[in-house]
Amino acid sequence: MTHPPQLHGHTFALPSRLRKDTVLMAPMESLAIDLDADNAGDRMIHCLDTYHAEAGMTVASKYS
Ligand SMILES: [Cu+2]
């Protein structure tokens with residue numbers, strides 16, 4: 001399945017230098033990103049597909 005993971009509270013740079021907070025990923029795809037985690041607080045990373053997010057594709061992360 002494809003997944004559109006979304007990072008809350010930050011944006012990241014793709015290899016093309018385009019900045020995003022969400023990117024559509026193909027099955028088993030990995031992706032190198034540049035992220036400056038400079039927005040302190042509790043954030044979520046989750047798949048934008050609600051079924052996937054509720055099935056466990058949700059991560060809480062803390063930035064300090
Ligand atoms: Cu998904």
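What to note about this one:
- Considering the conditions (1) more than 10 Å from the ligand (Cβ to nearest atom); (2) touching a His at 6+ places or on another chain (Cβ under 9 Å); (3) modelled with pLDDT of 95 or more, TYR63 is excluded by exactly one of them, (3).
- Taking first residues from the range 23-45 that are over 26 Å from SER64 (Cα atoms) and partners that are of a type in the set (S, T, N, Q), the Cβ contacts under 8 Å between residues at least 6 apart in sequence or on separate chains come to LEU24/THR2; MET25/THR2; ALA26/THR2; PRO27/THR2.
- Residue in the range 44-57 that is in contact with a His (Cβ under 7 Å, 6 or more places away or on another chain), in a loop (DSSP other than H, G, I, E, B) and not hydrophobic (A, V, I, L, M, F, W, C) present: yes
- Candidates LEU18, LEU7: the one that is hydrophobic (A, V, I, L, M, F, W, C) and exposed (fewer than 14 other Cβ atoms within 10 Å of the Cβ) is LEU18.
- Residue match in the range 24-32 (condition: outside any loop (DSSP other than H, G, I, E, B) and within 22 Å of LYS62 (Cβ to Cβ)): no
The values are calculated or read from the model by the stated rules, or taken from the named source; none is laboratory data. What you see is a predicted model, and the numbers here were worked out from it, not measured in a lab. All Cβ positions, even for glycine, are placed from backbone atoms using ideal geometry, and neighbour counts span all protein chains on display.
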